[in-house]
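The values are calculated or read from the model by the stated rules, or taken from the named source; none is laboratory data. Computed from a prediction, not measured in an experiment: that's the story for all the values here. Virtual Cβ from ideal backbone geometry, glycine too; neighbours counted across all protein chains shown. Quick note on the areas: whole protein, heavy atoms, side chains included, nothing else; ligands and nucleic acids left out. Shrake-Rupley method; radii C 1.70, N 1.55, O 1.52, S 1.80 Å.
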Amino acid sequence: MNENLFASFITPTLMGLPIVLLIIAFPTIMFPSSKRLIPNRLVSFQQWLISLILKQMMAMHNIKGRTWSLMLMSLILFIGSTNLLGLLPHSFTPTTQLSMNLGMAIPLWAGAVITGFRHKTKASLAHFLPQGTPIPLIPMLIIIETISLFIQPMALAVRLTANITAGHLLIHLIGGATLVLMSISMPTAIITFIILLLLTVLEFAVALIQAYVFTLLVSLYLHDNT
């Protein structure tokens with residue numbers, strides 16, 4: 001029990017060199033490309049699921065927004081597969097690092113905002129000052145809306161980081177408690193183990209839900225600017 005609670009969140013290294021790039025590329029094995037004329041059941045299920053999510057996410061977008069479909073689907077597949085692989089024992093989850101999540105959130109948010117200012121300049125500027133605002137409140141409201149705009153990528157990254165990190169820490173704590181209780185009270189240890197199994201199932205759901213929420217919010221930002 002002397003292990004550091006945050007040891008699993010330290011970037012792994014090999015011979016002193018960080019191997020996070022290899023870990024980031026590793027989830028691609030979960031989506032094999034079939035060379036057969038008729039794909040197998042796994043590939044068919046993946047294609048059906050991707051098509052379903054794509055239709056649901058792109059339904060609200062116009063033609064200009066649908067040009068981002070490949071980017072958004074790649075994003076949700078990457079985050080979802082990375083979160084799932086991070087639940088394996090002795091693994092590392094890159095999405096627990098705020099720096100990486102900011103590296104995904106800021107460019108996507110900036111691309112959506114720049115697209116809005118480029119193609120819908122008046123509508124984008126109108127968000128800073130709602131119609132009918134009293135004149136004395138105009139400067140304060142512009143400052144508040146500007147701050148809220150720049151907080152959006154931070155909120156995206158912090159939400160993903162906090163949810164994934166909290167789940168991993170809770171699994172680590174309950175797993176350690178189960179090992180300790182096995183030598184003290186076996187019935188209590190069994191109950192704790194059942195809770196651990198239920199929490200693991202919940203974390204599988206959270207891993208997929210957070211990938212969907214992250215991508216959906218990026219899609220909503222894009223919808224507001226196209």
For residue 173, state whether it is surrounded by 15 or more Cβ atoms within 10 Å (Cβ to Cβ) and assigned to a helix (DSSP H, G or I).
no
Six or more apart or on different chains, Cβ atoms under 6 Å: show the pairs whose first residue is in the range 83-98 and closer than 19 Å to residue 215 by Cβ and whose second is open to solvent by 10 Å² or more (accessible area, probe 1.4 Å) and not hydrophobic (A, V, I, L, M, F, W, C).
96/165; 98/161
Within the range 111-146, take every residue that is among the β-branched types (Val, Ile, Thr) and either within 30 Å of residue 83 (Cα to Cα) or under 23 Å from the mean Cα position of the chain (by Cα) (or both) and give me the one that is most open to solvent (accessible area, probe 1.4 Å).
114
May I ask you to list the residues in the range 55-108 that are among the small types (Gly, Ala, Ser) and within 16 Å of residue 221 (Cβ to Cβ)?
65, 69, 105
Members of the range 181-226 that are surrounded by 14 or more Cβ atoms within 10 Å (Cβ to Cβ), free of Cβ contacts under 8 Å to residues at least 24 places away in the same chain and of a type in the set (Gly, Ala, Ser)
189
Could you please find all residues in the range 76-103 being over 15 Å from residue 206 (Cα atoms) and either open to solvent by less than 10 Å² (accessible area, probe 1.4 Å) or in a loop (DSSP other than H, G, I, E, B) (or both)?
89, 90, 91, 92, 94, 97, 101
